[in-house]
Amino acid sequence: MKFQFESFADFIAMNNHGPYVWAAYGITFIALTYLLVSPVLQKKAFFKQQQKLQKLAQSNPDGQGIE
């Protein structure tokens, strides 16, 4: 069996295409991480805001101070 690259350094360099290839992997990883984490954080913030509004509504039964 013959490997494409002679050494690990050749693998990283990828026949002088390494910077493009690794940048593409990095950008893809960052984008996928953002797409997975962002909705979770937004959901937590939404529920926290709703709990705050609910506590405010309970402390002011006549509705004053609620916008």
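Quick notes on this structure:
- Residue that is among the β-branched types (Val, Ile, Thr), part of a helix (DSSP H, G or I) and at pLDDT below 95, where the choices are Ile12, Ile27, Ile66: Ile12
- Tallying residues that are modelled with pLDDT under 95 and polar (S, T, N, Q) within the stretch 30-56 yields 1.
- Flag for Phe3 being of a type outside the set (S, T, N, Q), at pLDDT below 95 and not in a helix (DSSP H, G or I): yes
- Flag if Phe5 is more than 14 Å from the chain's Cα centre (by Cα) and surrounded by 10 or more Cβ atoms within 10 Å (Cβ to Cβ): yes
- Lys44 vs. criteria without any contact (Cβ under 8 Å) to a residue 60 or more places away in the chain, surrounded by 10 or more Cβ atoms within 10 Å (Cβ to Cβ) and of a type outside the set (Gly, Ala, Ser): yes
The values are calculated or read from the model by the stated rules, or taken from the named source; none is laboratory data. No experiment lies behind these values; they were computed from the predicted model shown. For neighbour counting, all protein chains shown are included, and Cβ atoms are generated from backbone atoms with ideal geometry for every residue, glycine included.
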